[in-house]
Amino acid sequence: MNRYLARPALVPIIAMTLLAIQTAAVFAQIRGEVRGPGATRMPIAVPDLLFVGGERRDDAARRFVEILRADLIRSGLFRVIDPAAYILDPSSTGLTREDINFENWRTIGALGLVLGGYEGTDSGIQLEARFFDVADRSSTGGRRLSGGLDDVARLAHRMADAVIEFVTGKPGPFDSRIAFIADGDRHFREVYSFAFDEPTRPITRHHSITMAPSWHPSGDGLLFTSFRGGRPVLYSVDHDSGQDSRLASKMGVNVGGVWAPDGKRLLLARENAGNTDIYLLEPGSTTMKQLTTHWGIDVNPSWSPDGEQIAFCSSRSGSPQIYTMSVSGENVRRLTFDGTYNCAPEWSPDGRNIAYAGQRNGRFQIFVMPATGGPARQITVSGSNEDPSWSPDSRYLVFAGKRGRYRKLYMIDILGRSETQLTTGEGDDSSPSWSGRLD
């Protein structure tokens, strides 16, 4: 396995209004139930939206609730109670604390309740949803959202992220995108974009081999490497229009472009005279700064969130291992010592951890270790798994996993307790890059 990484995501597509209705602290009773993804799941009720006026948009309202429920389940934090068990009279239920019969929700075992209503507009839908602590009979927060009928999925993702924030104090990861490489037509490998509960769509049409997609911090575009001209060249592509341009086309192999957090510099791995090192490049400049000069192969650069350090993979010890260094190329430090093949490091957005792929018993698994060094935790156990990329909230990883004939994308929490397959179909999906939160 030899991979070149990177990452963040997308221009706004929604005329959306978000209103923080209440920002009270999350209650200790709820926090006691949800300590992290994959821990004891909070039982939560998510009834259908109430119609409060305007145009009827029942199909859109149902889709909103279906996606919201799916996101909450996917998070590993919640157990959504079967709607058939709900004791609810829509004709007499309002959206305020005084309108809610909390005893009915307590009876079915709910600790949390997401209650909302919608109003149909000429062009779309406006909705309001609130999260309630059933035991304490209070609301910990809510959102007002609006958008077109085509924006319902994103509205639901934003509400799911908000519910996760009301419970844990940090927004969820679902209003985001994942770029990856797919070979669905069996002849070429192109860059695709995946969003939760939305159709996957191609970003490139190079009719060649592309590799290593990576998000710009603004979310407007991606870096990737393409063999369209017969040799590997680093490109930048606008996510929405698909227009691309060359960034680095010097002789030799230029791959693994990774934008710095400030969006002004990038790292790449460049092969020259049979050796591969890591370089720092400022787009528009004709010069590259060589950061590593070792005889070993140095690849897979990944920025720390503050832009001051770099994690990378190097064979300088005799086998591929994870190292860090300062952005100047100094203070090189080895982090991994267990296993004979560790690669594809990825720094978490909160700066606390580094994920990587390590070979164990002939297969690759995903590991997470403190960014400062220390024992690593294996979080995958099934199949063979590569190319980890962090969610914007640093709670989850997306990776390429092989469980059967094809390699597909999977999402897992950092405790390794909640794994979900994201892509399906024929062909291999690989090299995922998870964006930041969308604007």
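The values are calculated or read from the model by the stated rules, or taken from the named source; none is laboratory data. Since the model is a prediction, treat every value here as computed from it, not as a measurement. Backbone-built Cβ (ideal geometry, glycine too); neighbour counts: all protein chains shown. Only protein heavy atoms, including side chains, enter the accessible area calculation; ligands, DNA and RNA are left aside. Shrake-Rupley method; radii C 1.70, N 1.55, O 1.52, S 1.80 Å.
Length available on full extension from Glu271 to Thr121: 0.36 nm per residue minus the Cα-Cα distance, which gives 48.4 nm. Global dimensions of the stretch 48-207 from alpha-carbon coordinates: Rg and Dmax equal 18.0, 61 Å.
Provide the three semi-axes, in whole Å and in decreasing order, of the ellipsoid equivalent to the stretch 223-273 as defined by the square roots of 5 times the Cα gyration tensor eigenvalues.
Working: eigenvalues 70, 47, 9 Å².
They are 19, 15, 7 Å, listed from largest to smallest.
Per residue, the stretch 124-241 exposes 32 Å² of accessible surface when a 1.4 Å probe is rolled over the protein heavy atoms with every protein chain present. With a Förster radius of 51 Å applied to the beta-carbon distance between Ser326 and His207, the computed FRET efficiency rounds to 0.80.
The C-alpha atoms of the chain define a longest principal axis, and helix 152-168 lies at about 90 degrees to it. Using the Cβ-Cβ distance between Glu426 and Phe227 with R0 set to 25 Å, the FRET efficiency from 1/(1 + (r/R0)^6) comes to roughly 0.65. Spin-label model, Ala85 to Arg106: label points 7 Å out along the Cα-to-beta-carbon direction sit 1.7 nm apart.
Springs join every pair of Cα atoms under 10 Å in this Gaussian network model of the chain, and among Ala273, Ala85, Ala110 the largest mean-square fluctuation is at Ala273. Across all C-alpha atoms in the chain, the radius of gyration and Dmax reach 23.0, 76 Å. Treating each Cα of the stretch 39-104 as one equal point scatterer and applying the Debye formula with no solvent, the log10 of I(q)/I(0) at q = 0.20 Å⁻¹ comes out as -0.96. Calculate, in whole percent, how much of the Cα-Cα pair population of the stretch 133-292 lies beyond 20 Å. Above the 20 Å cut-off, the stretch 133-292 has 60 percent of its Cα pairs.
So what are the stretch 320-439's ellipsoid semi-axes, whole angstrom, largest first, if each one is the square root of 5 times an eigenvalue of the alpha-carbon gyration tensor?
Values: eigenvalues 112, 61, 31 Å².
They are 24, 17, 13 Å, listed from largest to smallest.
Using the alpha carbons alone, the radius of gyration of the stretch 57-136 stands to its Kirkwood radius in an Rg to Rh ratio of 0.96.
Each residue, Arg144 and Glu66, gets one label point 7 Å from its Cα in the Cβ direction; the gap between the two is 2.9 nm. The separation of the stretch 169-208 from the stretch 94-134, counted between C-alpha centres, amounts to 33 Å.
Take peptides 349-356, 97-104 and line them up by average Cβ neighbours within 10 Å, highest first, as a rough protection proxy. Walk me through the numbers before you get to the answer.
On the way: 349-356: 20.9, 97-104: 13.4.
Final packing ranking: 349-356, 97-104.
Where in the stretch 116-141 is the amide nitrogen less than 12 Å from a point lying 7 Å along the Cα-to-Cβ axis of Asp99? Hits in the stretch 116-141 for Asp99 at 12 Å: 116-119, 128-130.
Heavy atoms only, probe 1.4 Å: what % of the accessible area of the chain goes to carbon and sulfur, would you let me know?
Values: 8170 of 17670 Å².
Percent of accessible area from carbon and sulfur atoms in the chain: 46.
Using the Cβ of Met325 as centre and a radius below 10 Å, the other residues enclosed give a net charge of -1, where K and R count +1 and D and E count -1.
As a rough guide to protection, the peptides 40-53, 212-225 ranked by mean Cβ packing within 10 Å, highest first, stand as 212-225, 40-53.
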